[in-house]
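Accompanying notes for the structure given below.
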Amino acid sequence: MQYMVIRKADATSESDNFPSAELVQAVPGAKWLRSSADGGLRMRRRDGQWLYEEGPFEDVSVAGFTFIEAEDRRAASELAARWPSADAEGSAVVEVREAGCPGGCVGFDTGAAPKHTAWAILLRSDAVAEQDFEPPAAVIDIMNRANNAGIAAGVALSGEGLKSTARGAHVKFSGGKPFITDGPFAEVKELIAGYWAVDAASRDDVIAWVKSYPYPNPGDMEVELRKVAI
């Protein structure tokens, strides 16, 4: 099974010297995000209208992430508990989430390097996502076709959905020692339900992509835009 391991944001990750060279080397293939002050934007769709909030954010939740293969949640949590000591010696928190979009939307990673700037689009979670709601097959088909079109256009670099936190865990470090707590988690507003990484010449291009995407939830929703540092 595939799990997404999310390094939660904190004062350290929101600083200019994060991630350290040691951390980048220790977690090859991870996507590290620039601080929310560096072009971060939240887009909220309310009653069909888009509202915007510029970073920095006090409740920023994601500093970076990677994917691992593990037999089950416990095995994934034990792997995450080995988070590099260069980062875990403080009070880093790592979130373990089972990857996969409820309903079968296909995750992807083209492995392509961005020609411009890579942006992470973080789909914020809500009570519906925490119930592992499965959209109708026709909606999933539309999403898959939109992802494939983005890949063909050289815009969509990667993307994946996440299962509810009832299938996940937290790994909190204190003094370099990991403490594992199984989900579900109560702080729904601090969670994400999935992500995309896109290649764009400007943030306005990312905003246009966000507005055009056929999301499975027709009502209110929120995404967070962040520059990918590495």
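The values are calculated or read from the model by the stated rules, or taken from the named source; none is laboratory data. For clarity, every value in this text was computed on a predicted model and none was experimentally measured. FYI the Cβ positions are ideal-geometry reconstructions off the backbone, even for glycines, and counts take in every protein chain you see. To get the accessible areas, we keep the full protein, side chains included, count just its heavy atoms, and leave off ligands, DNA and RNA. Shrake-Rupley method; radii C 1.70, N 1.55, O 1.52, S 1.80 Å.
Quick look at the numbers
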quantity	calculated
Percentage, to the nearest whole number, of Cα pairs in region 125-170 over 13 Å apart	66
At 0.692 mPa s and 37 °C, Stokes D of region 1-64 from Kirkwood alpha-carbon radius, µm² per second	246
Accessible area in square angstrom per residue, region 79-230, 1.4 angstrom probe	45
Accessible area of region 113-230 belonging to carbon and sulfur atoms, whole % at 1.4 Å probe	55
Equivalent ellipsoid semi-axes, region 108-230, via Cα gyration tensor eigenvalues times 5, rooted, Å	27, 20, 13
Protection proxy ranking of 82-93, 159-170, 106-117 - average other beta-carbon atoms within 10 Å, highest first	159-170, 82-93, 106-117
Pairwise label distance in nanometres, Leu51 with Gln25, each label 7 Å out on the Cα-Cβ vector	4.6
Alpha-carbon centroid distance for the pair region 46-79 / region 156-196, whole angstrom	7
Kirkwood-type radius of the chain, with distances r between different C-alpha atoms, in Å	17.8
Residue with peak Gaussian network fluctuation, the chain [Cα springs, cutoff 10 Å], from Ser13, Ser174, Ser158	Ser174
